[in-house]
Amino acid sequence: MNRVLAGLTPWTGLLAGSVAWALHQQLLADALRFNCAAVSPGRALLALALALALCLAGAVVSWRSVRGTGDASAGRAFAGRLSILGAGIFALAVAMQGVASFTVPGCFR
């Protein structure tokens, strides 16, 4: 089991980032669809913070899996660096959705 988890750690940033983006988008979209007044700035900020934290956590795990390892294969290092980049792109997407949720009032969407 540890070998399986060790093999997945370089990909954690990509997986965590995509899950964070999907959950952030889906939770806010569903909340707006069923009750637009339910999305207060505080709830939107909480959802944004949690999604960004998940992206950051995934990027950190991916970074730790490839940093300072001279024995890491080229494929593992590439996967880890690609995953860190993916987590950053997903964090940017989450941040842009967060900005939109603060600039456009919920019931006007």
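Output the 0 to 90 degree angle, nearest 10, between the alpha-carbon long axis of helix 41-66 and the longest principal axis computed from the alpha carbons of the chain. Rounded to the nearest ten degrees, it is 10. Rolling a 1.4 angstrom probe over the protein heavy atoms with all chains in place gives the chain an accessible area of 64 Å² per residue. The three principal axes of the C-alpha atoms in the chain carry coordinate ranges of 54, 26, 17 Å, sorted with the longest axis first. Ligands, DNA and RNA left out, the 1.4 Å accessible surface of the chain is 72% carbon and sulfur atoms.
The values are calculated or read from the model by the stated rules, or taken from the named source; none is laboratory data. As the structure is a prediction and not an experimental result, all values here were calculated from the model. The accessibility values were calculated without ligands, DNA or RNA, using every heavy atom of the protein model including side chains. Shrake-Rupley method; radii C 1.70, N 1.55, O 1.52, S 1.80 Å.
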